[in-house]
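Below is one structure, written out as structure tokens; comments come after it.
Read the figures in this text as sums done on the coordinates, not as results from a lab. Just so it is clear, the structure is predicted and the values come from calculations on it, not from any experiment. Virtual Cβ from ideal backbone geometry, glycine too; neighbours counted across all protein chains shown.
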Amino acid sequence: MNDLIQNTEKLHTTELGAIRIQKNLGIDADDIVEWCKETIKQANIIIGQGKNWYAYGNGIVITVNAHSNTIITANKINAKVRTMEKSDYACLNEFLYQAIFIPDGEKLPPRTIINDPEIFIYIKDFGNKSGDLGVVAEQNGQVVGAAWTRIISAYGHLDNSTPELAISILPEFRGYGIGTKLMNKLFELLKENGYRQTSLSVQKDNPAVRFYQRLGYEIAQEKHDHVGHEDYLMIKAL
Ligand SMILES: CC(C)(COP(=O)(O)OP(=O)(O)OC[C@H]1O[C@@H](n2cnc3c(N)ncnc32)[C@H](O)[C@@H]1OP(=O)(O)O)[C@@H](O)C(=O)NCCC(=O)NCCS
């Protein structure tokens, strides 16, 4: 069991801490420490980083000093989006894996699936070709989402002047607006680099189709991928 969960009974905060948490979250709980304990017990994910624990759930992150068990603060999840740097390339393996659509109730594929050449092409030697552009989202110093483009002969390839997009957010961080922020930042980056449109391929039954349409993508073609899934090739003018 996670150390933070084991130590929930020891959690406490200061008077100022309690006021800060109520203000940040817009809540009016009688006992803010009890409220935090319950929220931490139900967290989707708890990450230890530096001297703190971060407990994430229901769109909220609670920060606890791991040494003193003091609840330092709590905030709404609000990831910062920035351009991808070379040092971020190592996390592309994870985000490529997370970008694979798994319909509800289906078993997760093994991590080695990304070594399939049809999939690995999305990150192989990333950074070396024109059209290799990316953005990441960071929450409390941890990269929780990434979106990137390439001009490669993959599922969503249209032509040699249209970078194709891939995106994923870590499962615990989906549905909080991070994907939308990443996409808008990536569109800016593509425009700054002179591109006029971007494409992607998505399985027809992935709920992300709606997400892309909301961001201005239009269905250009219907196709089958190499394992027989029905896909849309979508294009967005920049
Ligand atoms: C699709 C995805 C990148 C969107 O990022 P996000 O931060 O969750 O999105 P936002 O909160 O900005 O927007 C919400 C949209 O995301 C989608 N979404 C939300 N939670 C989701 C989840 N758990 N799984 C899949 N899609 C989800 C919904 O389509 C929603 O759009 P809608 O409100 O118009 O229906 C993200 O959910 C994800 O990583 N999904 C799994 C990987 C994937 O399918 N990648 C695309 C491959 S083509």
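Quick notes on this one:
- Tensor-based shape of segment 170-238 (alpha-carbon gyration tensor, a/c under 1.5 rounded, otherwise prolate or oblate): oblate
- Cβ-based charge dipole, segment 80-237, positive-most Cα from 112, 83, 98: 83
- Taking Cα centre as origin and charging only the Cβ of basic (Lys, Arg, +1) and acidic (Asp, Glu, -1) residues, the dipole magnitude of segment 54-187 rounds to 400 debye.
- P(r) tail fraction, segment 3-76 - alpha-carbon pairs more than 19 Å apart, %: 22 percent
- Links that overshoot a 26 Å alpha carbon limit, given the list 129/236; 107/129; 181/236; 86/107; 76/124: 107/129; 86/107; 76/124
- For segment 24-143, the fraction of C-alpha pairs more than 22 angstrom apart is 52%.
- The chain: angle of helix 32-41 to the longest principal axis, Cα-based, in degrees nearest 10: 50 degrees
- The chain: calculated mean residue ellipticity at 222 nm from DSSP helix runs of at least 4, using -39500 (n - 2.57): -6500 deg cm²/dmol
- The chain - charge dipole about Cα centre, Lys and Arg +1 at Cβ, Asp and Glu -1, debye rounded to 20: 560 debye
- Whole-number D in µm² s⁻¹ for the chain, Kirkwood Cα-pair radius fed into Stokes-Einstein, 25 °C, 0.890 mPa s: 125 µm²/s
- Residue with peak Gaussian network fluctuation, the chain [Cα springs, cutoff 10 Å], from 105, 134, 50: 105
- Acute angle (nearest 10 degrees) that the helix 178-192 long axis makes with the longest principal axis of the chain, alpha-carbon atoms: 50 degrees
- Dipole magnitude of segment 3-76 about its Cα centre (Cβ charges: Lys, Arg +1; Asp, Glu -1), debye to nearest 20: 320 debye
- Distance from segment 57-101 to segment 119-165 (C-alpha centre basis), Å: 20 Å
- 16 Å Cα-Cα reach of residue 223 towards lysines, excluding residues that sit fewer than 8 places from it in its own chain: 204
- DSSP-defined antiparallel bridges as percent of all bridges, the chain, nearest 5: 95 percent
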